[in-house]
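I have placed the structure first, in the form of structure tokens, so that the comments after it can refer back to it.
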């Protein structure tokens, strides 16, 4: 890894973990009225949004790692484009967490480091696998967001608007990865990814 790449990776980590994320697009649902949520509902939605914020922290690290070890410049650009939109998701979920009086995960540095290592490994295997890993990640995130949409209180339109726009973006990232030549991952690896995701989401729900 070159010195420039190392500096870029460190800068990205610091910006993700310590600096406020910014969005070029307005926060989805920001113009909708705030729902009347009781204390239990607000706490539950806050925990769900914390999980989604962790997912975006992981996405930043994952794409950074994949870009560092990708061989084809067009693949690196695909990773960079996905990361730019994931930065917006990071801003949206943090904004909603603040509105709900919630907090981010105390384990964000751990999530970031683990995801960075996974991304670098995926990129090192080869570009087709790298893109396939991205596509499968986005597919699983889409399904995960679908589950969270069913768990939101029916009146919480602001949170739902954020999750639906995130879903649309994740699906577009998945399609782009496949169009660039992403290979379908072996089923055992897909299941392993789901298992890791379950551990992360269950832990982030509380910590």
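The values are calculated or read from the model by the stated rules, or taken from the named source; none is laboratory data. These numbers come from a predicted model, not from an experiment. Cβ: placed from backbone, ideal geometry, glycine included. Neighbour counts: every protein chain shown.
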Margin query: Please verify whether residue 156 is within 23 Å of residue 44 (Cβ to Cβ), modelled with pLDDT of 95 or more and surrounded by 19 or more Cβ atoms within 10 Å (Cβ to Cβ), treating the condition exactly as stated.
Written below: yes
Notebook entry, point to check: Is it the case that residue 35 is within 23 Å of the chain's Cα centre (by Cα), surrounded by 11 or more Cβ atoms within 10 Å (Cβ to Cβ) and either modelled with pLDDT under 80 or under 24 Å from residue 105 (Cβ atoms) (or both)?
Noted result: no
Notebook entry, point to check: Considering the range 173-207 alone, what residues qualify as being in a helix (DSSP H, G or I), closer than 26 Å to residue 104 by Cβ and touching a residue at least 24 places away in the same chain (Cβ under 8 Å)?
Noted result: 173, 174, 193, 194, 197, 200, 201, 203, 204, 205, 206
Next item on the list: Please give the number of the condition residue 145 fails out of (1) in a loop (DSSP other than H, G, I, E, B); (2) touching a helix residue (DSSP H, G or I) at 6+ places or on another chain (Cβ under 6 Å); (3) more than 19 Å from residue 79 (Cβ to Cβ).
Entry: (1)
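Yes or no, residue by residue, for (1) touching a residue at least 60 places away in the same chain (Cβ under 8 Å); (2) over 17 Å from residue 132 (Cα atoms); (3) surrounded by fewer than 23 Cβ atoms within 10 Å (Cβ to Cβ):
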| site | (1), (2), (3) |
| --- | --- |
| 51 | yes, yes, yes |
| 54 | yes, yes, no |
| 57 | no, yes, no |
| 64 | no, no, no |
| 67 | no, no, no |
| 71 | no, no, yes |
| 82 | yes, no, no |
| 87 | yes, yes, yes |
Notebook entry, point to check: Which is part of a helix (DSSP H, G or I) and more than 15 Å from the chain's Cα centre (by Cα), of 91, 135, 67?
Noted result: 67
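Across the range 95-110, what is the number of residues that are in a helix (DSSP H, G or I), in contact (Cβ under 8 Å) with a residue 12 or more places away in the chain and surrounded by fewer than 22 Cβ atoms within 10 Å (Cβ to Cβ)?
5
Matching residues to (1) crowded, with 17+ Cβ neighbours inside 10 Å; (2) over 15 Å from the mean Cα position of the chain (by Cα):
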| residue | (1), (2) |
| --- | --- |
| 162 | yes, no |
| 170 | yes, no |
| 177 | yes, yes |
| 180 | yes, yes |
| 188 | no, yes |
| 197 | yes, no |
| 201 | yes, no |
| 207 | no, yes |
